[in-house]
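What follows is a set of notes on a single structure, which appears directly below.
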Amino acid sequence: MIKIFSNLTDAKNTILRRDSINYDKVPQSLLDRLAELFGEAVTPAEAVRRILADVRARGDASLREWTKRIDGFTLQSLIIGSSSASIDQSLISNLQLAADRIRSFHAQQPIASWRTPDGSLGQKISPIQRVGFYVPGGSAPLPSSLLMSVIPALVAGVKEIVVCTPPSQPDGDVPPVILAAAKIAGVDRVYRLGGAQAIAAMAVGTESVPRVDKIVGAGNLFVTLAKQQVFGMVGIDGLAGPTETVVIADDSAKPKWIAADLLAQAEHDPLATAILFTPSASLAQAVQIEVGKQMEELSRAEIIAQSLDNRGGIVLTPDLSTAVELANDFAPEHLCLATKNPNDWADKITNAGGLFLGERSFEVLGDYVAGPSHVMPTSGTARFASPLNVLDFVHITSLISLDAATAAQLSPIAASLARAESLTAHESAALKRVERQS
């Protein structure tokens, strides 16, 4: 059962409260597993540090050992070619359609280099040369994440793509649907690697895995910690937290649809967030009833129940303006406007990773096939971060090409500013450009 909050203070102190992430606050069972792996008690962060150091020191041998110890697979080869074998052709067609829409959307994003009319100043846009992508596997392989991550990079002009995904099939292979998505996206090679060891391999390079310039993709706790620890050696897209959706709805919304959208979010993870803001008490009650009915029919009902109990809720607000204010403060990954006139409220939304306007533009379409990347900022970072896009895969070089007259005009000014900062070598370099030549 999803709880209804009629008191805003209660909601702000519980499901709307943003706590700092403590990566070492983990179940005792996980700590016991780490002690078994390392022969002594270690925190998750320390475990990741040791794996990174070992991969740096021993390369492929380390990757094989950690894959055996953690995942239970003995790898003969780390590399597997992309393939669409043993995949239903209708699924192939649907993956292709999704890929085409993702590519078409991101091709619209302007990333042009430019120079001033006189050519003296400008910016040069260059694609990042080599990018690594982590794609979760296991019981819920996510081919959509591969498409949503890799395709914007290819649109940006990235020349070399490295994909790592954990082995999870009985023979130590990766799910065929992941390989099918890789082929459709245009990826030639996929590496059977998961966890911290995969991030380490892409960050430092081994005999088989090339060192990349940036790492993209969400994963479990150890993937997140590894990305955090290699940042600086390589770029990263961010540190993904649990997924989250906020729905703002009025009495024009359909309770069955709203309930279905909340349940779709909650089934991701026990820590996923699914919240409804509404000024309509009748809608809140109808959605609460629908959530209970629909959940009984779903395969991941146990996960959904934990998610709704931990992070979910329906918050009654005095009006839609208050709902928008609360949503902007929460800064959700996904924000859905299920109101009579959603476009009237769109300009008032300032903090959201993705804004879904109207009940026909529901989040599940965004997850798979609408077009924009579903890799979006979580944990309130939508206040300053953006969804994954083409600009994440380029870098900018500033161009300075001043003529003699402009340099002569600016040099004394630069010298004055350098002198104010007590940087005499800077001052001297500027003044030498305007000295009379003997």
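Charge dipole of the chain (Cα centre as origin; +1 on each Lys and Arg Cβ, -1 on each Asp and Glu Cβ, all else neutral): 1200 debye, rounded to the nearest 20.
Taking Lys and Arg as +1 and Asp and Glu as -1, the other residues whose beta-carbon sits under 15 Å from that of Phe384 total -2. Taken as Cα centroids, the range 166-210 and the range 90-124 sit 26 Å apart, rounded to the nearest whole angstrom.
Please arrange Arg101, Arg50 by counting, for each residue, the other beta carbons lying within 10 Å of its beta carbon, fewest first.
Ordered from fewest to most neighbouring Cβ atoms within 10 Å, Arg101, Arg50 come out as Arg50, Arg101.
Only helical runs count toward this figure. For the chain, summing -39,500 (n - 2.57) over DSSP H runs of n ≥ 4 and dividing by all residues gives -13000 deg cm²/dmol at 222 nm. Computed 3J(HN,Hα) for the range 279-291, one whole-Hz value per residue from the Karplus formula 6.51 cos²θ - 1.76 cosθ + 1.60 where θ = phi - 60°, is x, 9, 5, 5, 5, 4, 5, 5, 5, 4, 5, 5, 4, glycine and proline marked x. Is the shape of the chain rounded, prolate or oblate, going by the alpha carbon gyration tensor and its root eigenvalues a ≥ b ≥ c, with a/c under 1.5 for rounded and a/b larger than b/c for prolate? Taking the square roots of the gyration eigenvalues as a ≥ b ≥ c, the chain is oblate. Secondary structure note: in the chain, about 25% of the DSSP beta bridges are antiparallel.
Between the helical axis of 89-106 and the longest alpha-carbon principal axis of the chain there is an angle of about 40 degrees.
Within 10 Å of each residue's Cβ, count the other Cβ atoms and sort Glu297, Glu427, Glu46, Glu302 from fewest upward. Write down the numbers at each step before the final one.
Details: Glu297 8, Glu427 18, Glu46 15, Glu302 12.
Ascending number of Cβ neighbours within 10 Å: Glu297, Glu302, Glu46, Glu427.
Normalised by the residues of the chain, what does the relative contact order come to in percent, with Cα pairs under 8 Å and at least six apart?
Working: 842 pairs, mean separation 84.3, N = 438.
Once divided by the residue count of the chain, the mean separation gives 19 percent.
Bear in mind these aren't lab numbers, they're just calculated from the coordinates by the rules spelled out. Treat the numbers as computed from the prediction; the structure is a model and nothing was measured. Heads up, the Cβs are rebuilt from the backbone with ideal geometry, glycines too, and the neighbour counts pull from every protein chain shown.
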